[in-house]
């Protein structure tokens, strides 16, 4: 099952150079909602006089990693693997160069 998912992602990467996942939009919306809630928490903390903690909460919310779907994560790992293999060989293959950008 995992192998077939990886193979599908690799095929898409090789064919298009990117991963298109319609679920990404939903994850982005969820992330925006989460960040907004953290900002609300920070505002409440400000109101309670917890200025330093509110700042920490804002920093945390501002530095959340970008969202990736499972397909995007698999694609990213595959590209990282290609880069690692390429770096170990000290010769970059022209076939993988477009995928590594």
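Some observations on this one:
- Exclusive hit being surrounded by 12 or more Cβ atoms within 10 Å (Cβ to Cβ), touching a residue at least 12 places away in the same chain (Cβ under 8 Å) and part of a helix (DSSP H, G or I), set 53, 45: 45
- As a summary of the residue check, residue 91 satisfies the conditions (1) more than 24 Å from residue 3 (Cα to Cα); (2) at pLDDT 85 or above; (3) outside any helix (DSSP H, G or I) except for the one numbered (2).
- Per this entry, residue 6 is not counted among residues that are farther than 30 Å from residue 82 by Cβ and either at pLDDT below 85 or surrounded by fewer than 15 Cβ atoms within 10 Å (Cβ to Cβ) (or both).
- Matching residues, region 9-22, being assigned to a helix (DSSP H, G or I), touching a helix residue (DSSP H, G or I) at 6+ places or on another chain (Cβ under 9 Å) and surrounded by fewer than 13 Cβ atoms within 10 Å (Cβ to Cβ): none
- Qualifying residue in region 23-34 (condition: modelled with pLDDT of 90 or more, outside any helix (DSSP H, G or I), within 16 Å of the chain's Cα centre (by Cα) and farther than 22 Å from residue 2 by Cα): no
The values are calculated or read from the model by the stated rules, or taken from the named source; none is laboratory data. Given the structure is predicted, the values throughout are model-derived calculations rather than measurements. Heads up, the Cβs are rebuilt from the backbone with ideal geometry, glycines too, and the neighbour counts pull from every protein chain shown.
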